[in-house]
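Report on the following structure.
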Amino acid sequence: MREFDYDVAVIGAGTAGIAAHRAATEAGARSVLIERGPGGTTCARVGCMPSKLLIAAGAAARAARTADLFGIRVSGVAVDGPAVLRRLRAERDRFVDSVLDGLDALPDHERLDGAARFESDRTLVIGDAIRIRFRAAVVATGSTPIVPDSLRGLGADVLTTDSLFEIPDLPDSLAVLGAGAVGIEIAQAMARLGVAVTVIDAGDSVAGLTEPDLTRQAAEIFGAELDLHLGAEVRDALPDGHGARLRWVDRNGRERVTRAARVLAATGRSPNLEPLGLEATGLRRGEKGLPDFDPRSLVCAGAPILIAGDVDGWRPVLHEASRQGRIAGANAAALAAGRPVAIPEPWTSLAMVFTQPQAAVIGAPYDPEDDRRIIGAMDFADQGRARVEGLNRGGMRVWADRSGRLLGGEMLGPAVEHLAHLLTYAIADKQTAQAVHDRPVYHPTVEEGLSSIMSTMIQRS
């Protein structure tokens with residue numbers, strides 16, 4: 001068995017792992033990046049990029065069908081499913097290749113291929129061929145889509161984001177379990193591409209929204225394009241000819257049956273920890289199977305091991321994975337050198353859903369019991385630019401403390417990916433509603449809606 005010594009061993013060459021290896025190396029540590037494959041990052045290969053390509057195709061089909069609003073007549077709109085998916089895979093592969101090119105550029109001594117497992121809190125082994133001694137390690141092994149037990153009997157008819165983008169053609173019908181970010185994005189895109197879509201979710205929210213009025217609007221808006229059922233529970237699923245038969249119970253306790261050519265499980269992801277043999281490190285694992293770790297320094301309690309990215313289940317989005325990777329890599333290098341680790345302040349949370357209308361949840365969560373808050377509201381129904389574009393649906397809710405300092409908000413509407421960033425920056429900078437209101441806003445833009453909501457908050461403060 002070959003043996004190597006490194007200051008830092010990083011397990012997983014996804015977004016967090018790549019960032020961790022780079023940060024450790026820049027901090028002067030001798031670092032190695034270990035990848036078992038297939039690589040290419042979750043975002044580029046099976047996450048945000050291929051899903052946005054599907055969303056873009058659905059948006060193009062929708063725009064062609066609804067151009068009558070503007071006096072534009074488009075007839076004979078047809079969706080070529082195989083062509084949609086070929087373009088998706090071609091562009092997806094470009095994104096993946098760019099990541100792999102970066103990995104291939106690493107020197108041989110900085111990268112190892114294979115499945116790593118811990119032998120102790122200071123050693124790793126890769127198969128039966130390599131042993132690695134390390135002073136600190138970063139676990140950045142990502143996560144895997146969860147397939148509920150109720151779907152286990154369907155075999156290949158169950159899709160996850162790991163398999164969805166490989167199908168040769170769009171299905172005639174699709175049942176989606178889960179109305180969160182992944183589920184509702186794919187469901188709406190598929191519906192716009194002509195697929196008969198049913199969405200079933202045990203909860204009462206859509207797209208991660210929690211503010212009651214926005215949640216109600218989201219259910220109405222998305223429910224107009226697809227068959228949406230909240231507060232429903234799938235009891236079982238069985239093969240049915242060339243598809244599946246789902247038996248489920250709606251919120252009123254009535255038993256229902258849905259038949260679909262394919263079923264998409266969009267019920268969350270589980271951390272990829274089991275193959276690592278963490279028990280050999282002596283780390284304590286909690287109810288969710290995760291090691292006890294500091295969410296700021298990312299250092300696990302009891303060993304010089306750090307955890308970063310989707311695997312820690314904290315904020316499974318790319319920008320957080322990249323940031324966590326940088327923190328973990330720098331702190332791993334510090335541990336290896338006997339230096340104190342850094343304790344950075346967390347970013348203002350930002351979660352976004354790229355449906356139409358878009359949705360976002362920013363900062364402190366909605367809390368109807370907190371009477372110390374001021375809540376501002378606006379709706380896009382009569383917002384000037386939104387009406388011009390024919391996108392006047394949804395609204396915004398923003399909350400602040402009694403001094404007017406902004407705390408958080410939720411959004412459903414046009415250009416939310418931009419509005420949400422503006423609010424995120426304002427919260428991070430501890431700005432007040434008055435300060436944001438006093439900034440110049442060009443006319444006519446959707447951003448005027450953010451200014452108007454600040455006006456309502458100022459009046460209530």
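The values are calculated or read from the model by the stated rules, or taken from the named source; none is laboratory data. As the structure is a computational prediction, the values presented were derived from the model and not from experiment. Quick reminder, even Gly has a Cβ in these numbers, built from the backbone with ideal geometry, and neighbours come from all protein chains shown.
Where in the range 193-288 are the strands (runs of 3 or more DSSP E), entirely inside, with at least 3 residues that are surrounded by fewer than 18 Cβ atoms within 10 Å (Cβ to Cβ)?
Output list reads 233-240, 243-249, 255-260.
What residue, among those in the range 33-51 that are surrounded by 24 or more Cβ atoms within 10 Å (Cβ to Cβ) and modelled with pLDDT of 95 or more, is farthest from Leu159 (Cα to Cα)?
Restricting to residues being surrounded by 24 or more Cβ atoms within 10 Å (Cβ to Cβ) and modelled with pLDDT of 95 or more, the top hit is Leu33.
Look at the range 167-219 and say how many of its residues are among the charged types (D, E, K, R), over 15 Å from Ala359 (Cβ atoms) and in contact with a Lys or Arg (Cβ under 6 Å, 6 or more places away or on another chain).
1
Gly153: outside any strand (DSSP E or B), modelled with pLDDT under 95 and not assigned by TED's automatic domain parsing to the domain that holds Leu306, yes or no?
Against the criterion (outside any strand (DSSP E or B), modelled with pLDDT under 95 and not assigned by TED's automatic domain parsing to the domain that holds Leu306), Gly153 qualifies.
I need every pair where a residue in the range 209-225 that is under 18 Å from Pro365 (Cα atoms) has its Cβ under 6 Å from the Cβ of a residue that is of a type outside the set (S, T, N, Q) and assigned to a helix (DSSP H, G or I), sequence separation at least 6 or different chains.
Leu209/Ala218
Can you list residue pairs whose Cβ atoms sit under 8 Å apart, with the first residue in the range 47-67 being over 17 Å from Pro357 (Cβ atoms) and the second being of a type in the set (Lys, Arg) and surrounded by fewer than 18 Cβ atoms within 10 Å (Cβ to Cβ)? Count only pairs 6 or more apart in sequence or on different chains.
Hits for this filter: Pro50/Arg89; Leu53/Arg87; Ala57/Arg87; Ala67/Arg73.
Please give the number of the condition Ala140 fails out of (1) of a type in the set (A, V, I, L, M, F, W, C); (2) in contact with a strand residue (DSSP E or B) (Cβ under 8 Å, 6 or more places away or on another chain); (3) surrounded by fewer than 22 Cβ atoms within 10 Å (Cβ to Cβ).
Of the numbered conditions (1) of a type in the set (A, V, I, L, M, F, W, C); (2) in contact with a strand residue (DSSP E or B) (Cβ under 8 Å, 6 or more places away or on another chain); (3) surrounded by fewer than 22 Cβ atoms within 10 Å (Cβ to Cβ), the odd one out for Ala140 is (3).
Taking the range 126-140 as the search range and keeping residues that are part of a strand (DSSP E or B) and not charged (D, E, K, R), which one is farthest from Ile307 (Cα to Cα)?
Ile130
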